[in-house]
1. Got a number for residues in segment 27-65 being within 21 Å of Ile393 (Cβ to Cβ) and among the charged types (D, E, K, R)?
2. As an exercise: evaluate Glu200 against (1) surrounded by 21 or more Cβ atoms within 10 Å (Cβ to Cβ); (2) more than 25 Å from Ala120 (Cβ to Cβ) and give the number of the one condition it does not meet.
3. Quick test for you: out of Gly77, Gly73, pick the one residue that is closer than 30 Å to Gln287 by Cα and either in a helix (DSSP H, G or I) or within 16 Å of the ligand (Cβ to nearest atom) (or both).
4. Condition check: in contact (Cβ under 8 Å) with a residue 24 or more places away in the chain, within 16 Å of the ligand (Cβ to nearest atom), more than 15 Å from the chain's Cα centre (by Cα) and not assigned by TED's automatic domain parsing to the domain that holds Ile395. Does Ser122 satisfy that?
5. Taking the options Tyr192, Tyr145, Tyr150, name whichever one is of a type in the set (Phe, Trp, Tyr) and free of Cβ contacts under 8 Å to residues at least 60 places away in the same chain.
6. Assigned by TED's automatic domain parsing to the domain that holds Ala408, of a type in the set (Gly, Ala, Ser) and at pLDDT 95 or above: does that describe Ser29?
7. On the basis of being assigned to a loop (DSSP other than H, G, I, E, B), away from the ligand (no atom under 13 Å from the Cβ) and either more than 24 Å from Ser190 (Cβ to Cβ) or among the hydroxyl-bearing types (Ser, Thr, Tyr) (or both), does Gly265 make the cut?
8. Of everything in segment 261-298 that's among the small types (Gly, Ala, Ser), farther than 30 Å from Ser122 by Cα and surrounded by 17 or more Cβ atoms within 10 Å (Cβ to Cβ), which residue is nearest to the chain's Cα centre (by Cα)?
Amino acid sequence: MEKISEMTPQRRAELVSELQERYDSFRSSGISLDMSRGNPPRSQLSLNSDILNAVSDPDDCISEDGTDCRNYGIPYGIREARELFSQLIQVPADNIIIGGSSSLNLMFDTISRAVTHGLAGSPRPWGKEEHVSFICPVPGYDRHYKILEYFGIGMIPVEFTGHGPDMDEVERIVSEDPSVKGIICVPVYSNYTGDVYSPETIVRLAGMQAKAPDFIVLYDDAYVVHDLYGEPAVIPSFFDECVKAGHPERPVIFASTSKMTFAGGGICCVSFGGRNLELAKNAMSVQFITHDKINQLRHVRVLKDMRTVRERMDRFGSMLLPKFETVENTFEEQLGGFDAAEWSKPRGGYFICFRLRHGGAKRVVAMCAQAGVKLTPAGAGFPYGVDPTDSYIRIAPTFPSVDDLKKAAELLCICSLLVALENNTPLEV
Ligand SMILES: Cc1ncc(COP(=O)(O)O)c(C=O)c1O
């Protein structure tokens, strides 16, 4: 592998001139692509048309227990929807509450309630504490950080290890500091490193001793069935592990069908254990009368059970796989011979994590934008949008076509090499 810092001046000058020429030709080609968010592809949305037609006449609107889903009632969701999510997130159906279409909204509400009223075990509402903070495995999901930031909750970054966050560090922090009230996790195909938490990580998260009596784990199962290779990520039930460890109130588990059916037109859920379930229901009984049960019906009729979900998600996974492979192969072809960057090869989820060994992520993202390819802003995977090493970029290959992805990945490689040549010195890892 050729080391950027060890190139002769002549080799360097030749490479810069070749790359600059290729970059200029991209700039003048008029390419215009948005790879900034992980949106489901149109082809997948089209395959979901059966959802639109799943409830088509008044007789269809009755749930299994005889409820007319066109009316008020059943605020926490129809039984069959709770049972479907029960299989997905490995939580008893009685602990699950079905929301509207956005799990992020349920997470916002959970934090909001903690701030105004506190949770099970809280000495006082979080808003009355001098300081409250959360552990944030990085790089992670920018919208999670935005929620915490909105409520003035401090964020403590902890690095990923390839099978979840560095648990030695997590255990150390939570055991010492009572102001650390939680950790935010995407346990399966983490957004955006692709980490799948190992069984050991799950067990340690469930069992660790926290100084805060109201410590919670916000456990976001957004990608729990989003395998790319048809091999399910098998992990233990976090809910069961928490109960076994004597921490029934610790898990707050979220999921939605946003990336299974329709983003914004799907259904979502949250689950709580112990007194947190009661507290959440008390607040929700004030907050709304019912959610869209017709949409819950549509979803359970089409998604049915775990086996049907898996079959469907396998089809979607095989549509996404060529996109991921295109990006990974382009990176390998263009960058494999240099020490300029490294990237994840996820087994599922929606993202590839790209890391520049010489830093300069902001500059690379800006150069791509100038040439017509919009990427997620550099730093977005870090609290307050600040990546201290300025080295990570999130790649979202799900929406663009394979042809567009090939071009975008090539442009990214050109910019990454040019910036590595400019920066010259590798970052200390
Ligand atoms: C980790 C994670 N959680 C939640 C969401 C949003 O979920 P929802 O559409 O259910 O609000 C996303 C969307 O990208 C995500 O990546």
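The values are calculated or read from the model by the stated rules, or taken from the named source; none is laboratory data. What you are looking at is a predicted structure, and each value in this text was computed from that prediction instead of being measured. A quick note on method: Cβ atoms are made from the backbone with ideal geometry, for glycine too, and the neighbour counts reach across all protein chains shown.
1. Total satisfying the criteria: 3.
2. Going through (1) surrounded by 21 or more Cβ atoms within 10 Å (Cβ to Cβ); (2) more than 25 Å from Ala120 (Cβ to Cβ) one by one, Glu200 breaks only (1).
3. Just a single option satisfies the conditions, and that option is Gly77.
4. Considered against the rule, which asks whether it is in contact (Cβ under 8 Å) with a residue 24 or more places away in the chain, within 16 Å of the ligand (Cβ to nearest atom), more than 15 Å from the chain's Cα centre (by Cα) and not assigned by TED's automatic domain parsing to the domain that holds Ile395, Ser122 comes out as no.
5. So the residue among Tyr192, Tyr145, Tyr150 that is of a type in the set (Phe, Trp, Tyr) and free of Cβ contacts under 8 Å to residues at least 60 places away in the same chain is Tyr150.
6. The answer is no for Ser29.
7. no
8. Of everything passing the filter in segment 261-298, Ala263 is nearest to the chain's Cα centre (by Cα).
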